[in-house]
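Asks: Take a look at the following structure, please.
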Amino acid sequence: AGISPLGILAAPRSATLMKKVNTHQMPEDPWTSLKGTFAAASKEVSEALGSNPRSTDLRERHPFAVEISRIPPGKRNYPYHSHSAQWEFYHVISGRGQVRHQDGTTAIEPGDAFVFEPGQPHQLINDGSEDLVVYVVADNPLGESCYYPDSQKWLIRSANLDYFDGEE
């Protein structure tokens, strides 16, 4: 450790090089729901940079997850949902659509940025004629769960633990 030119205590240099990916060269991971209502293709940027979102070791997971999501015309990215602990930031790169939220719907276009805090339901809808592409940044908390207001279902996320782990 040393003192930086700004007089701040600098961390020791690491032998690890900066991690870098080119998102234009990353493959997309497309998916569609069984009945075809929901569809998107994603590029998991944080995972390409080495994050393991399923790890409970905070050194193996980034404090946020970055994704590039492409939603085809006429599709919705996911069912209308809210997160118990996760914040999500969106930035529209191309295309046009709508965001459904607790107060109704709002049109979105390239350059728009918006955020949903925990407990705020949301859904992206591509009602345009071209792909809707957005950057998504989420804080990726452990112990996250989702609520789906339309179907009144809950999704509980947890690490893959044995039921009896630590109990006996």
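Asks: Can you find, within region 22-73, the residue that is farthest from Glu117 (Cα to Cα) among those that are out of contact with any strand residue (DSSP E or B) (no Cβ under 9 Å at 6 or more places or on another chain), among the charged types (D, E, K, R) and open to solvent by 70 Å² or more (accessible area, probe 1.4 Å)?
Replies: Lys35
Asks: Pick from region 100-112 the residues that are outside any loop (DSSP other than H, G, I, E, B) and open to solvent by 50 Å² or more (accessible area, probe 1.4 Å): which of them is nearest to Gln86 (Cα to Cα)?
Replies: The extreme case among them is Arg100.
Asks: Go through region 113-130 and count every residue that is over 24 Å from Tyr147 (Cβ atoms) and open to solvent by 50 Å² or more (accessible area, probe 1.4 Å). Break it down stepwise before answering.
Replies: First, the residues of region 113-130 that are over 24 Å from Tyr147 (Cβ atoms): 113, 127-130.
With open to solvent by 50 Å² or more (accessible area, probe 1.4 Å) added as a condition, the list becomes 113, 127, 129-130.
Total satisfying the criteria: 4.
Asks: Among the residues of region 110-146, how many are at pLDDT below 95 and touching a Lys or Arg at 6+ places or on another chain (Cβ under 9 Å)?
Replies: Initially, region 110-146 is screened for residues at pLDDT below 95, giving 139-146.
Filter once more, so that each one left must be touching a Lys or Arg at 6+ places or on another chain (Cβ under 9 Å): 140, 142-146.
Qualifying residue count, region 110-146: 6.
Asks: Among the residues that make up region 29-42, is at least one of them touching a helix residue (DSSP H, G or I) at 6+ places or on another chain (Cβ under 8 Å) and either part of a strand (DSSP E or B) or in contact (Cβ under 8 Å) with a residue 60 or more places away in the chain (or both)?
Replies: No, region 29-42 has no match at all.
The values are calculated or read from the model by the stated rules, or taken from the named source; none is laboratory data. These figures come from a predicted structure and were not determined experimentally. We place every Cβ from the backbone using ideal geometry, glycine too, and count neighbours over all the protein chains shown. Side chains included, ligands, DNA and RNA excluded: accessible areas come from the protein's heavy atoms. Shrake-Rupley method; radii C 1.70, N 1.55, O 1.52, S 1.80 Å.
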